[in-house]
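Student: One structure follows; several queries about it will come next.
Nothing in this text is a laboratory measurement; each read-out follows from the coordinates by a stated rule. On a predicted model such as this, the values are computed, not experimentally measured, just so you know. Cβ coordinates were reconstructed from backbone atoms using ideal geometry, including for glycine residues, and neighbour counts include every protein chain displayed.
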Amino acid sequence: MPPLIETRRDWMALLAKAPPARLAALAPDLPAHDTLRAPEIGAIMLEGRIGGTGARFNLGEMTVTRCSVRLDAAEGHACVQGRDKEHARRAAVLDALMQGGEAARIRAEILAPLRAEAAAARAARAEKAAATRVEFFTLMRGEDG
């Protein structure tokens, strides 16, 4: 069984990466909230590193949508890939809910299924990749030994 999501960083990442339709199905009704920053679409620059440890280089841009809301005393923020404004709003509201008394319910009803589905998708990708794996081996020749 995977560990529980305990940090804000973990649940924000899970909400941001969740398929928008699945997140909407798990959390169809949002509570009343104040909008601090309406969902807005923009772009961020992705950086890479040569060889994993070398100099940084600009890999390219990615479209993102961000949103900030206030729910009671908690502020919720989200930045999601793509142009889905409702996904960003829903993720921001859920982030705010996770900071209050609703955390246990949100963790059980929304985050746990999303985490399980993400793990299953990772396992399926790994299985598909493993099927294409090539095993190399070397036979020792007589003059080498």
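Student: Summing Lys, Arg as +1 and Asp, Glu as -1, what charge do residues with Cβ under 9 Å from the Cβ of Ala92 carry, Ala92 excluded?
Tutor: That sum, taken over residues with Cβ under 9 Å, equals +2.
Student: Hey, another quick one. Cβ neighbours within 10 Å, averaged per peptide: list 114-123, 11-20 in order, most packed at the top.
Tutor: 11-20, 114-123
Student: Let me ask something else about it. How large is the charge dipole for the chain, taken about the Cα centre, if only the Cβ atoms of Lys, Arg (+1) and Asp, Glu (-1) carry charge, to the nearest 20 debye?
Tutor: For the chain, the charge dipole is close to 140 debye.
Student: While we're looking at this one, here's another question. Would you mind putting 77-84, 64-71 in packing order, based on average other-beta-carbon counts within 10 Å, highest first?
Tutor: In decreasing order of mean packing, 77-84, 64-71 become 64-71, 77-84.
Student: For q = 0.12, 0.21 Å⁻¹, what log10 I(q)/I(0) does the chain give under the Debye formula with an equal point scatterer on each alpha carbon and no solvent?
Tutor: Rounded to two decimals, the profile gives -0.62, -1.25.
Student: Further question on the same structure: All other residues with a Cβ under 11 Å from the Cβ of Pro39 taken together, and with Lys, Arg as +1 and Asp, Glu as -1, what is their net charge? Could you put the intermediate results ahead of the total?
Tutor: On the way: positive: Arg37, Arg66, Arg83, Lys85, Arg89, Arg90; negative: Glu40, Asp84, Glu86.
My count for the surroundings of Pro39 gives +3.
Student: If you don't mind, another one. Please list, in chain and number order, the residues 5+ apart from Val64 or on another chain whose amide H is under 5 Å from its amide H, with Hs placed from the backbone.
Tutor: Here the answer is Gly42, Ala43, Ile44, Gly82, since their amide H atoms fall under 5 Å of that of Val64.
Student: Now a separate question. For region 86-100, take each phi angle, set θ = phi - 60°, evaluate the Karplus expression 6.51 cos²θ - 1.76 cosθ + 1.60, and give the result in whole Hz per residue in order, putting x for glycine and proline.
Tutor: Taking θ as phi minus 60°, the curve returns 5, 4, 5, 5, 4, 5, 5, 5, 5, 4, 5, 5, 5, 8, x Hz for region 86-100.
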